[in-house]
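In what follows, a structure is listed as structure tokens, so that the remarks can point back to it.
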Amino acid sequence: MKHAMRRWIKLFSDYDCEIRYHPGKANVVADALSRKERVKPKRVQAMNMTLQSSIKDRILAAQKEACDESAGLQKGLDEMMEHKSDGALYYLDRIWVPLKGDVRTLIMDEAHKSKYSVHPGANKMYYDLRDRYWWPGIKKDIAVYVSRCLTCLKVKAEHQRPSGLLQQPEIPE
């Protein structure tokens, strides 16, 4: 401690300055908020947690069912698909979620209504899901899903100004 103080004294001795001590509440400049290091807060993303095995199993089952029913995927799309060591099909390093088995809705439910998220909007939800999952029209599906969420609609309605009294339109002659 004394070494640090000696270093500061040496540093300040080179400058023409006056050091004043303000005891207690008088020292308002050096409060906790002004001293705090400005580090960008880390964004907690529920979707970056490990993929739940039940959802993964449902995706694998849906992929198998979709592949069994059709000889191949859409032309050009099957060339982009890749089998990984976990047995799942991936599209550009994102797990492919087929339409079968209502897995897409399950994933959107988990991302929107889980205890780890607080009903995110369509954009936030899309950015959380896009790194892990892929299916054709994912952004549109998420936007439609969020627009139909009754909880979100109710909260949105509570924050809108009252519409006022109804006005009787004039009757045309």
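The values are calculated or read from the model by the stated rules, or taken from the named source; none is laboratory data. Since the model is a prediction, treat every value here as computed from it, not as a measurement. Methodologically, a virtual Cβ is constructed for each residue, glycine included, from the backbone with ideal geometry; neighbour enumeration extends over all protein chains shown.
Those helices (runs of 4 or more DSSP H) of segment 79-173 in which 1 or more residues are within 20 Å of residue 62 (Cβ to Cβ) and not acidic (Asp, Glu) occupy 103-113, 122-130, 138-147.
Residue-by-condition table, conditions (1) modelled with pLDDT under 85; (2) surrounded by 10 or more Cβ atoms within 10 Å (Cβ to Cβ); (3) among the aromatic types (Phe, Trp, Tyr):
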site	(1), (2), (3)
63	yes, yes, no
67	yes, yes, no
71	yes, no, no
75	yes, no, no
82	yes, yes, no
86	yes, yes, no
93	no, yes, no
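Within segment 83-126, which residues are on the phi > 0 side of the Ramachandran plot and out of contact with any His (no Cβ under 7 Å at 6 or more places or on another chain)? Answer for segment 83-126, where residues must be on the phi > 0 side of the Ramachandran plot and out of contact with any His (no Cβ under 7 Å at 6 or more places or on another chain): 87, 92, 93, 101, 102.
Out of 103, 97, 118, 44, I need the residue that is surrounded by fewer than 15 Cβ atoms within 10 Å (Cβ to Cβ), hydrophobic (A, V, I, L, M, F, W, C), within 30 Å of residue 149 (Cβ to Cβ) and at pLDDT 65 or above. Which one? Of the residues listed, the single one that is surrounded by fewer than 15 Cβ atoms within 10 Å (Cβ to Cβ), hydrophobic (A, V, I, L, M, F, W, C), within 30 Å of residue 149 (Cβ to Cβ) and at pLDDT 65 or above is 118.
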